[in-house]
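Structure first, then comments.
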Amino acid sequence: MPIPDAFRGRLRVPAIAAPMFLVSGPELVIECCRAGVAGSLPALNARPAAQLEDWLARIDAELAAHRAAQPAAPCAPYGVNLILHASNPRLQEDLATVVRHRVPFVITSLGHPGEVVKAVHAYGGLVFSDVIHAYHAQKAAAAGVDGIIAVCSGAGGHAGTQSMTSLIREIRAFWDGVLIAAGSISDGAGIRAAEVLGADFAYMGTRFIATREALAQPEYKQMLVDCGARDIVYTDAISGTNANFMWPSLEKAGFERAQLAAGHGKGQIHDMSDEARAWRDVWSAGHGVAAIHDVPPVAELVARLAAEYQAACALPPSAALVPGD
């Protein structure tokens, strides 16, 4: 499975910090890349659209300075997420900004990536498309993407319902390009497990919300520490598309568990400004909260992930395979 040159030798662990709505900003991206994890952010987090130009200029400048000061240290590439759905009126403006800055990789969501592939490939960038079904992965592959992000059951945000074990193996059967696994990965052992299944990189969102550099409110970060997997609710009540959220934030917003279980939400989101208001007060997370117990700086977290990953790589064979005395 080929690793793109933009990533080769530039990561401390094979992981990408996912772009998280209202959570990922330039500081989180920069610290992830400096630590050796590929950072990313949604273009829509920059408001107004002109702010995206400033954010990318800052990221470019600070990462260039880091590479110059520490040429031997890992410095991962960064990416920008573009929402391709018709409800996003900024797509063309944000894509033009991405092209001007020659963003190393672009993550596409909720739409056909063909136009983005042409624009990004023209300057030598990479396009990764997120999917929740193998069918969508086949369409993305036909559009010429460089990588597929399999958003599996238990992921934060708009997750699918297919297990990682199933979806990664199904996609790998027909796709030999970059494959990225998302869904409940919060430690180095999870990163290694994704590799064993056939993924090239792990895609980690929830774990990076609970870092000091994330834009999330302190109460949001503390809720990640306090909650377990039992507190995650999969519902379409917030945006009209199923996503995982923490129950305490849903309860605070006035929802009832019986109401959500019956599929009775509070209406549909009709444009991106409505969705921003909804996600500001109802907080998303995946099943990976089960392994989150603190809110460290990114550099400390990545060092921990690297140690856990190395330990997982060195695990001996199962005792069941070793002949007895």
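Would you check if there is a residue in segment 245-252 being hydroxyl-bearing (Ser, Thr, Tyr) and either open to solvent by 10 Å² or more (accessible area, probe 1.4 Å) or at pLDDT 95 or above (or both)?
No - not one qualifying residue is present in segment 245-252.
Would you mention how many residues in segment 178-201 are open to solvent by less than 50 Å² (accessible area, probe 1.4 Å), on the phi > 0 side of the Ramachandran plot and under 16 Å from the mean Cα position of the chain (by Cα)?
Of the residues in segment 178-201, 1 are open to solvent by less than 50 Å² (accessible area, probe 1.4 Å), on the phi > 0 side of the Ramachandran plot and under 16 Å from the mean Cα position of the chain (by Cα).
Inside segment 202-234, can you point out the residues that are crowded, with 21+ Cβ neighbours inside 10 Å and of a type in the set (S, T, N, Q)?
Those that are crowded, with 21+ Cβ neighbours inside 10 Å and of a type in the set (S, T, N, Q): 206, 211.
If you scan segment 133-157, which residues turn out to be within 30 Å of residue 249 (Cα to Cα) and small (Gly, Ala, Ser)? Before the answer, list the steps.
Our first condition is that a residue be within 30 Å of residue 249 (Cα to Cα); within segment 133-157, this holds for 133, 149-157.
Of everything in segment 133-157, those that are within 30 Å of residue 249 (Cα to Cα) and small (Gly, Ala, Ser) turn out to be 150, 153, 154, 155, 156, 157.
Kindly check whether there is at least one residue in segment 87-102 that is within 19 Å of the chain's Cα centre (by Cα), open to solvent by 40 Å² or more (accessible area, probe 1.4 Å), in the same structural domain as residue 140 (by the TED database) and at pLDDT below 95.
no
With the requirement that a residue be in contact with a helix residue (DSSP H, G or I) (Cβ under 8 Å, 6 or more places away or on another chain) and open to solvent by 10 Å² or more (accessible area, probe 1.4 Å), what does segment 116-128 give you?
Scanning segment 116-128 gives 119, 122, 123, 126.
Read through the list (1) of a type in the set (S, T, N, Q); (2) farther than 17 Å from residue 91 by Cβ; (3) touching an Asp or Glu at 6+ places or on another chain (Cβ under 9 Å), then give the number of the only condition that residue 138 fails.
Only one criterion in (1) of a type in the set (S, T, N, Q); (2) farther than 17 Å from residue 91 by Cβ; (3) touching an Asp or Glu at 6+ places or on another chain (Cβ under 9 Å) is unmet by residue 138, namely (3).
Anything in segment 103-113 that is without any contact (Cβ under 8 Å) to a residue 60 or more places away in the chain and in contact with a helix residue (DSSP H, G or I) (Cβ under 9 Å, 6 or more places away or on another chain)? List them, or say none.
Across segment 103-113, the qualifying residues are 103, 106, 108, 111, 112, 113.
What's the number of the only condition in (1) in the same structural domain as residue 297 (by the TED database); (2) in a strand (DSSP E or B) that residue 233 fails to meet?
All conditions pass for residue 233, except number (1).
Go through segment 32-57 and count every residue that is in contact with a Pro (Cβ under 7 Å, 6 or more places away or on another chain) and outside any helix (DSSP H, G or I).
The number of residues fulfilling the criteria is 5.
Consider only pairs whose beta carbons are under 6 Å apart and that are at least six residues apart or on different chains; among these, list those whose first residue lies in segment 312-325 and is under 16 Å from residue 13 (Cβ atoms) and part of a loop (DSSP other than H, G, I, E, B) and whose second residue is modelled with pLDDT under 85 and not polar (S, T, N, Q).
From residues that are under 16 Å from residue 13 (Cβ atoms) and part of a loop (DSSP other than H, G, I, E, B), there are no pairs.
The values are calculated or read from the model by the stated rules, or taken from the named source; none is laboratory data. Nothing here was measured: the structure is a model prediction, and the numbers come from that model. No Cβ is skipped: glycine too gets one built from the backbone with ideal geometry, and neighbour counts run over all protein chains shown. What goes into the accessible areas is simple: the full protein's heavy atoms, side chains included, and nothing from ligands, DNA or RNA. Shrake-Rupley method; radii C 1.70, N 1.55, O 1.52, S 1.80 Å.
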